[in-house]
Amino acid sequence: MAGEWILMVTAQTPTNIAVIKYWGKRDESLILPVNDSISVTLDPEHLCTTTTVAVSPSFEQDRMWLNGKEISLSGGRFQSCLREIRARATDVENKEKGIKISKKDWEKLHVHISSFNNFPTAAGLASSAAGFACLVFSLAKLMNVKEDHSQLSAIARQGSGSACRSLYGGFVKWIMGKEENGSDSLAVQLADEKHWGELVIIIAVVSSRQKETSSTSGMRESVETSLLLQHRAKEVVPKRTVKMEEAIQNRDFASFAGLTCADSNQFHAVCLDTCPPIFYMNDTSHRIISCVEKWNRSEEAPQVAYTFDAGPNAVLIARNRKAASLLLQRLLYYFPPNADTDMNSYVLGDKSILKDAGIQGINDVEALPPPPEIKDKIPAQKNRGEVSYFICTRPGRGPVELSDKSQALIDPKTGLPK
Ligand code: DP6
């Protein structure tokens, strides 16, 4: 090792939405959960983290930037991930650049990490899941770690529990495991994203001024005070995960939707059962649930599933494109944008759903008829401005390394964010 070289890897990692929720730890520092959980990985084209990790003998310390701003790496969670990855580093040779790093060298070398979310970090869209998964995945590539994705998931888990499920695309299960050291608490893929490709996901980013309780402290309080959490972990989730796996394997949407909605509602019931109670959903969230429930009940079979994490945003999973366009019409009917909003910034992601719904501009939204299921009833109230924007997406792939050097977030000359 000589000279002032820099070696870099860039990777992209998706977010995920749990359909069977993780809520509660049996071990706080290793991040071991009280129950299994199951998630759908979201298409990274619309929601992902991109991370570049760089190593150079000229770096004096480990440093990290998130969306261009330097953040501290001193927290225990970052330190666990860095330590676990370093411990598994192997020899690296780059003949083109004439660089040779031996397994032992990694103990002394420092890294620079630059991470960027293609969605607003503050919107409450599981940014820590994609972030820690991407950190672990890109460092593993840089350091030539030989472990498979499942073993890497057990490292990402120590950054943030839900991050372990972002090491795979499609449908993913986080097995809680039994071991005290957490070695068997890891993610496995149930099915890839193509298995059930017709699903369409619409996220309603709900306007909120409320400062939410973080997942970490919220679940700690639930573990300490909620009897419903104990019952859920012991009696409900084990049976529900079996049924959910079957529903996914058989692409049985009616069962999938029933289980997804029930599990989201039970997670929020556990939050209410916590002392003092935690409120993550707000009136807008409740209005979205009513809209979906009313519509599902008026059809022969459920068209849409809803699920909410530790915040008011709704994640709606439609059975196919047709159902998604009918859902979008309903959502835009109840939650039209403010008069001066451009539709292009109100519906983000896969805009073809908007086209399917026959909506080009704000005038088309204003002209939407009330959904038939509320016919002959009192005209529904409109809730303008309650939703900040919608994102249309679908189940997506797992982490990938980006070989195109122009996508790197670190300047190969300075070793600092571009
Ligand atoms: C409601 O993974 O954010 O989104 O492990 O403390 O970092 P920590 O918590 P986090 O919790 C996510 C909780 C959830 C449900 C889920 O994703 O399963």
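Listed values, structure above:
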item	result
Strands (runs of 3 or more DSSP E) completely within region 267-351 that count 3 or more residues being open to solvent by less than 60 Å² (accessible area, probe 1.4 Å) and at negative phi	304-307, 314-318
Selected residue [of a type outside the set (D, E, K, R), open to solvent by less than 60 Å² (accessible area, probe 1.4 Å), under 19 Å from VAL34 (Cα atoms) and within 23 Å of the chain's Cα centre (by Cα)] from ALA247, ALA262, ALA257	ALA262
Neighbours by Cβ (under 6 Å, 6+ apart or cross-chain): first from region 300-312, more than 14 Å from the ligand (Cβ to nearest atom); second assigned to a loop (DSSP other than H, G, I, E, B)	GLN303/ARG319
Boolean, GLY68 is over 26 Å from the mean Cα position of the chain (by Cα) and at pLDDT below 95	no
Members of region 384-418 found to be closer than 30 Å to ARG63 by Cα, among the β-branched types (Val, Ile, Thr) and under 27 Å from the mean Cα position of the chain (by Cα), listed by number	VAL400, ILE410
Hey, VAL236 β-branched (Val, Ile, Thr), free of Cβ contacts under 8 Å to residues at least 12 places away in the same chain and more than 19 Å from CYS81 (Cβ to Cβ) or not	no
Test: ALA11 is in contact (Cβ under 8 Å) with a residue 40 or more places away in the chain, in a strand (DSSP E or B), within 11 Å of the ligand (Cβ to nearest atom) and open to solvent by less than 10 Å² (accessible area, probe 1.4 Å)	no
Of all residues in region 37-57 being assigned to a loop (DSSP other than H, G, I, E, B) and out of contact with any strand residue (DSSP E or B) (no Cβ under 6 Å at 6 or more places or on another chain), the one that is least open to solvent (accessible area, probe 1.4 Å)	LEU47
Criterion (more than 16 Å from the ligand (Cβ to nearest atom) and closer than 17 Å to SER207 by Cβ) met by exactly one of LYS355, LYS382	LYS382
Which listed residue is more than 16 Å from the ligand (Cβ to nearest atom) and of a type outside the set (Phe, Trp, Tyr), from ASP27, ASP43	ASP43
Strands (runs of 3 or more DSSP E) within region 67-151 that include 2 or more residues buried (at least 16 other Cβ atoms within 10 Å of the Cβ)	99-101, 110-117
Residue in region 363-383 that is within 29 Å of the chain's Cα centre (by Cα), in a loop (DSSP other than H, G, I, E, B) and at pLDDT below 95 present	yes
Region 313-357, residues that are touching a Ser or Thr at 6+ places or on another chain (Cβ under 9 Å) and without any contact (Cβ under 8 Å) to a residue 40 or more places away in the chain	LEU354, LYS355, ASP356, ALA357
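The values are calculated or read from the model by the stated rules, or taken from the named source; none is laboratory data. Bear in mind the structure is a predicted one, so any value in this text is a computation, not a measurement. Every residue, glycine as well, gets a Cβ built from its backbone with ideal geometry; the counts of neighbours run over all protein chains shown. SASA here: full protein model, heavy atoms, side chains in, ligands and nucleic acids out. Shrake-Rupley method; radii C 1.70, N 1.55, O 1.52, S 1.80 Å.
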